[in-house]
Amino acid sequence: MTQQIQQTQEKTKAQISLPPYLVPVFTGKTRYRGSYGGRGSGKTRSFALMTAIKGYEWGMSGKTGQILCGREFMNSLEDSSLEEIKIAIRSIDWLNAYYEIGEKYIRSKDGRVNYTFVGLRRSLDAIKSKARIFLAWVDEAEGVSDLAWQKLIPTVREKDSEIWITWNPESKYSATHERFRVNAPDDSKIVQLNFRDNPWFPDVLEQERLEDKKKRPDVYEHVWEGGFLIFTEGSYYTEEMRRARNEKRIGVVAYERAKPVVTAWDLGVGDSTAIWFVQFIGTEIRLIDYFEGSGVGLDYYVRVLQDKGYVYDKHILPHDVKVRELGTGKSRIETLNSLGILNVDVAPKLMIDDGIQAVRSILDKCWFDEKKCERGIDCLVNYQREYDDNGQTWRQRPKHDWSSHGADAFRYLALGYTPSGNWGTPIRRKLKGVA
Ligand SMILES: Nc1ncnc2c1ncn2[C@@H]1O[C@H](COP(=O)(O)OP(=O)(O)OP(=O)(O)O)[C@@H](O)[C@H]1O
Ligand SMILES: [Mg+2]
């Protein structure tokens, strides 16, 4: 290490301050550094500052390259981290002396380091052509797709290059959560940060926080404590699922041995397959279990059903189960029959909206096993309209994401259900060869 860097680091140590939890994140070598948490915790400001310091060290060591600042959406520079980085640089004299700050750009005066700002949704392919990225920082990274991560990460390939990520968690099934918390890379330093960890947490935000705590307790955990977003605006079953929780219909719901189980499926091709396990006891609809998988054949799911050890009544499958598949020439219902799944009801092909109405009409009678149906419940809670980012409005159709499969399977269940507890004859189709 050159003396210059040592001097820089001494200077750095002497002159910058970070929220204490971030100090270990920025100490020592690692490829990934990151922080997640609630509003106002100092994530953006701290990482913005550290990009400038990393750029300074890089340039001072005689190397050239770019710092790429990405966000999921960036319609204009106003949506980027540009302003935050300007503020951070201006707050420290020796950084301010090193960089040249224009209205729309930041670069080092020695010409070695420059910043670029990109929206990952739209410009991902353009990133590949960007050379010499030694640092990529993605702020507000919650919604960044796995595909975007797969494309971005290999473009950051300079020796000693780093990838930094900051985000406010929303969903426990987001690609960012899975990649950087559930399966965090080995060489990563990623910590949680919340408002109380920010020594400069401003009074205006404190007022907002207290208001939220009092008036919007539903979202408080998510907004301020970095918890997942539980009830989203635009989600179809918010009210019903909230009632289920308040009325304590989400808890322990055991399998009743004396009654058979009905299953309802959404069959994915190259996509997830979801299965609900249901018992109808009196007027109650008891969701006792849920299973979701992908990348495996129908025989796998049949084995799952067997391994659960329930006694089955019937299996509700979506209408497309009758379509013959290219290649085998067999329909999936025939395949299931040959695997021993015989008593099949095919849910009618109806408009999605009718299915959603059908779900709403049965949810108040539903009891969910909290543990076994965890993901299925999450699907119902999160199933939502698609958001139009350009028009800033909710579209009429549902968004296709991880929650669609569980929600679709539940739709097929609701379509087959009649209040008497019997299956409606109109949709019941005994197929040839089915017992
Ligand atoms: N180093 C600092 N010096 C001065 N003020 C700071 C510093 N770090 C954070 N702050 C103050 O804390 C506020 C919140 O910080 P920041 O915007 O970085 O939080 P965040 O975690 O990114 O929040 P959000 O979740 O809203 O994006 C800033 O607007 C600023 O007022
Ligand atoms: Mg921020």
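The values are calculated or read from the model by the stated rules, or taken from the named source; none is laboratory data. Note that the coordinates shown come from a computational prediction; the quantities given were computed from them, not determined experimentally. When we count neighbours, we look across all protein chains shown, and the Cβ atoms used for this are built from the backbone with ideal geometry, even at glycine.
Annotation note: Cβ proximity below 9 Å between a residue of region 140-154 that is loosely packed, with under 15 Cβ neighbours inside 10 Å and a residue that is in a helix (DSSP H, G or I) and of a type outside the set (Phe, Trp, Tyr) (sequence gap 6+ or interchain) occurs for Asp146/Ala175; Asp146/Thr176; Asp146/Glu178; Asp146/Arg179; Leu147/Leu124; Leu147/Ala175.
Output the number of the condition that Gly70 fails; it satisfies all remaining conditions of (1) buried (at least 18 other Cβ atoms within 10 Å of the Cβ); (2) within 16 Å of ligand 2 (Cβ to nearest atom); (3) farther than 24 Å from Ala148 by Cα. Result: Gly70 fails condition (3) only. Looking at region 309-405, the strands (runs of 3 or more DSSP E) lying wholly inside it that each contain 2 or more residues that are surrounded by fewer than 14 Cβ atoms within 10 Å (Cβ to Cβ) sit at 393-398. All of (1) under 24 Å from the mean Cα position of the chain (by Cα); (2) within 16 Å of ligand 2 (Cβ to nearest atom) hold for Glu84 with one exception: (1). Of everything in region 171-195 that is among the small types (Gly, Ala, Ser) and touching a residue at least 60 places away in the same chain (Cβ under 8 Å), the residue that is surrounded by the fewest Cβ atoms within 10 Å (Cβ to Cβ) is Ala184. For region 57-65, the criterion of being more than 27 Å from Gln192 (Cβ to Cβ), of a type in the set (Phe, Trp, Tyr) and either surrounded by fewer than 21 Cβ atoms within 10 Å (Cβ to Cβ) or within 14 Å of ligand 1 (Cβ to nearest atom) (or both) is met by none of the residues. Under the condition of being surrounded by fewer than 19 Cβ atoms within 10 Å (Cβ to Cβ), over 21 Å from Leu18 (Cα atoms) and among the polar types (S, T, N, Q), the residues counted in region 73-98 number 2.
Matching residues to (1) under 21 Å from Ile165 (Cβ atoms); (2) small (Gly, Ala, Ser):
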position	(1), (2)
Ala48	yes, yes
Gly55	yes, yes
Met60	no, no
Gly65	yes, yes
Leu68	yes, no
Arg71	yes, no
Glu83	yes, no
Asn96	no, no
Glu100	no, no
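Here the condition is being more than 21 Å from Ser46 (Cα to Cα) and touching a helix residue (DSSP H, G or I) at 6+ places or on another chain (Cβ under 9 Å); of Glu206, Glu178, Glu162, it holds for Glu178 alone. Is region 151-165 home to any residue that is modelled with pLDDT of 95 or more, in contact with a Cys (Cβ under 6 Å, 6 or more places away or on another chain) and closer than 21 Å to Glu78 by Cα? No, that holds for no residue. Taking the listed residues Glu78, Glu83, the one that is assigned to a helix (DSSP H, G or I), within 12 Å of ligand 1 (Cβ to nearest atom), farther than 28 Å from Lys172 by Cβ and not small (Gly, Ala, Ser) is Glu83, with no other qualifying. Residue-level check: of (1) of a type outside the set (Lys, Arg); (2) out of contact with any Phe, Trp or Tyr (no Cβ under 8 Å at 6 or more places or on another chain); (3) in a helix (DSSP H, G or I); (4) in contact (Cβ under 8 Å) with a residue 60 or more places away in the chain, Met50 misses just (2). Within region 145-176, the residues that satisfy the criterion of being under 29 Å from His405 (Cα atoms), more than 15 Å from ligand 1 (Cβ to nearest atom) and not in a helix (DSSP H, G or I) are Ser145, Ser171, Lys172, Tyr173, Ser174. Summed over region 23-45, the residues that are assigned to a helix (DSSP H, G or I), within 13 Å of ligand 2 (Cβ to nearest atom) and crowded, with 23+ Cβ neighbours inside 10 Å give a count of 1. For region 283-304, give me each residue that is in contact (Cβ under 8 Å) with a residue 40 or more places away in the chain and either assigned to a loop (DSSP other than H, G, I, E, B) or more than 11 Å from His405 (Cα to Cα) (or both). Of everything in region 283-304, those that are in contact (Cβ under 8 Å) with a residue 40 or more places away in the chain and either assigned to a loop (DSSP other than H, G, I, E, B) or more than 11 Å from His405 (Cα to Cα) (or both) turn out to be Thr283, Glu284, Ile285, Arg286, Leu287, Ile288, Asp289, Tyr290, Leu298, Asp299.
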